[in-house]
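Written below as structure tokens is the structure these notes are about.
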Amino acid sequence: MTKFFYRLNNNNSEVKALKVIPVIDILGGAAVHAVRGERGNYKTLQSVLCSTAEPVDVAKSFESLGFSWLYVADLDAITKDTVNLDVFRRISNETKLDLMVDAGISFVERSEQLIDCGVSKIIIGTETLHSMSFIAEAVKKFGSETVLPSLDLKSGDLLVKSGFDGYWDPLNLLNEYWLLGVTQVIVLDLARVGSGSGLDLDFLSRIIEAVDVDVYVGGGVRDMNDLADLEDLGVSGVLVATALHNGKISLAELRSRGFI
């Protein structure tokens, strides 16, 4: 029998077990290996899990291994405003994976395009967010279960658009999100992505304690010990790419711990 681990949130109600969510970064239409947010240096993905860098094939490999959720960062959309809608539509149609997608979302029309392609959660990253009013609009229109804001960090500093009208401090911004009805958030440190540098557990613990939202963490996860530390903190989900693709995190161990 699979063993599940549960945490209690701030109002003492039971929430779901920590889940590992595999990641696909798309650049130039192909899956790439993301390292430290240095997008100009990203290389085509090489993985022990899949023999191709075609995003749909990579997604199918994750599904075949037992994963139920998939995080996709559409770097073409984030950096060049060219959205890979056909990729999302194909993954939705050809797999049973639930998709959470960051495609540089900052207005309703793109959100609707993604939802029409079968995306389950739309990620609104601070890196491309223009105004706090869009967070409020998105939560009202699509619901808090669908809207997943991302605190995009680089070495602990929040990445925001010039002229952004919200707080530039991560903890204050998180509280502002909560007041707007947000119930889940990603904390993503791009400087740690693909680096094997580990986690900033002290910062993450302050995020967890700040407000009563489900927290997903991305960047710096190296092995099962890091996952255990995040579980102990009360993290809801962990975004993992490199440690899965290079085999440092064992799929058998993930299954035995109930993380898949």
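The values are calculated or read from the model by the stated rules, or taken from the named source; none is laboratory data. What you are looking at is a predicted structure, and each value in this text was computed from that prediction instead of being measured. Counting neighbours? That spans all protein chains shown, and the Cβs are built from the backbone with ideal geometry, glycine included.
Can you find, within segment 29-63, the residue that is modelled with the lowest pLDDT among those that are small (G, A, S) and more than 20 Å from the chain's Cα centre (by Cα)?
Per the criteria, the residue is G40.
Rundown of residues vs (1) closer than 20 Å to I78 by Cα; (2) free of Cβ contacts under 8 Å to residues at least 60 places away in the same chain; (3) in contact with a Gly (Cβ under 9 Å, 6 or more places away or on another chain), yes/no style:
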position	(1), (2), (3)
L148	yes, no, no
F164	yes, yes, no
L188	yes, no, yes
S195	no, no, yes
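Would you please name the residue that is surrounded by the fewest Cβ atoms within 10 Å (Cβ to Cβ), looking only at residues in segment 116-141 that are under 21 Å from S68 (Cβ atoms) and touching a helix residue (DSSP H, G or I) at 6+ places or on another chain (Cβ under 7 Å)?
From segment 116-141, those under 21 Å from S68 (Cβ atoms) are 117-123; that's our starting set.
Among the residues that remain, those that are also touching a helix residue (DSSP H, G or I) at 6+ places or on another chain (Cβ under 7 Å) are: 117-119, 122.
Numbers: C117: 21, G118: 17, V119: 24, I122: 23.
Only one residue fits best here, namely G118.
Six or more apart or on different chains, Cβ under 7 Å: which pairs go from a residue in segment 95-107 that's at positive phi to one that's assigned to a loop (DSSP other than H, G, I, E, B)? Could you list them?
Here the result reads G104/D81; G104/T128, each pair linking segment 95-107 to a residue that is assigned to a loop (DSSP other than H, G, I, E, B).
Within segment 82-114, take every residue that is of a type in the set (V, I, T) and crowded, with 17+ Cβ neighbours inside 10 Å and give me the one that is farthest from L159 (Cα to Cα).
Residues of segment 82-114 that are of a type in the set (V, I, T), as a first pass: 82-83, 87, 91, 95, 101, 105, 108.
Remaining after also requiring crowded, with 17+ Cβ neighbours inside 10 Å: 83, 87, 91, 95, 101, 105.
Numbers: V83: 21, V87: 27, I91: 29, T95: 33, V101: 18, I105: 15 Å.
Per the stated criteria, the residue is T95.
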